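See structure below.
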Amino acid sequence: MSPQTLTITIDPAAAEAPFEQVRTQIADQARTGTLPVGHKLPTVRGLAEELGLAANTVAKAYRALETDGVIETRGRNGSFVAAAGDAAQKEAAAAAAAYAHRARRLGLDRAAALAAVTDALRATYDDGT
């Protein structure tokens with residue numbers, strides 16, 4: 001795959017919903033630098049047509065990517081890959097801090113709180129480690 005080329009493959013047999021496949025693949029390509037910061041993404045309608053998906057499916061993926069700080073939408077100018085690393089790190093740190101405070105309020109000790117996170121990560125990442 002050459003730099004600055006968005007490549008998405010939708011697997012209709014996958015357990016993952018099509019919008020999540022789009023979201024994951026764009027996020028991965030932005031994180032690895034295949035899609036550099038500032039790269040203009042196709043329009044929602046254009047990408048939907050290219051992939052054979054409903055425009056609402058692609059729009060949902062773009063909204064999730066924007067919420068995650070991976071892309072930014074600049075009105076009529078379109079959607080672009082954002083400098084997501086720092087934003088994602090900050091959001092993850094804030095979520096971790098909120099969880100730690102909540103776990104303490106619930107009366108969990110450090111080991112129980114960490115075990116809950118470990119279980120959630122194992123279930124989410126499904127890598128068995």
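The candidates 37, 117, arranged from most to least accessible area with a 1.4 Å probe in the full protein assembly, appear as 37, 117. Using the rule -39500 (n - 2.57) for each DSSP H run of four or more residues, divided by the residues of the chain, the 222 nm mean residue ellipticity is -18500 deg cm²/dmol. Computed 3J(HN,Hα) for segment 64-76, one whole-Hz value per residue from the Karplus formula 6.51 cos²θ - 1.76 cosθ + 1.60 where θ = phi - 60°, is 5, 5, 5, 4, 7, x, 7, 10, 9, 9, 10, x, 5, glycine and proline marked x. What number comes out for the charge environment of residue 44, summing +1 per Lys or Arg and -1 per Asp or Glu over other residues with Cβ under 15 Å away? Combined, the nearby Lys, Arg, Asp and Glu give +3. The spread of Cα positions in the chain, taken along each principal axis and listed from longest to shortest, comes to 50, 33, 27 Å. For segment 6-34 versus segment 52-121, the inter-centroid distance based on Cα atoms is 16 Å.
Share of carbon and sulfur in the accessible area of segment 1-128 stands at 54%, probe radius 1.4 Å.
For the chain, find the longest principal axis of its Cα atoms and tell me its angle to the long axis of helix 84-105, 0 to 90°, nearest 10. Taking Cα atoms only, the helix is inclined about 30 degrees. Helix 18-32 axis versus longest C-alpha principal axis of the chain: approximately 90°, rounded to the nearest ten.
Taking label points 7 Å from Cα along the Cα-to-Cβ direction, residue 123 and residue 97 give a separation of 2.6 nm. Given their separation in residues at 0.36 nm each and the Cα-Cα distance between them, residue 54 and residue 73 gain 4.9 nm when the chain is fully extended.
The values are calculated or read from the model by the stated rules, or taken from the named source; none is laboratory data. This structure is a prediction, so every number in the text was calculated from the model and none was measured. For neighbour counting, all protein chains shown are included, and Cβ atoms are generated from backbone atoms with ideal geometry for every residue, glycine included. The accessibility values were calculated without ligands, DNA or RNA, using every heavy atom of the protein model including side chains. Shrake-Rupley method; radii C 1.70, N 1.55, O 1.52, S 1.80 Å.
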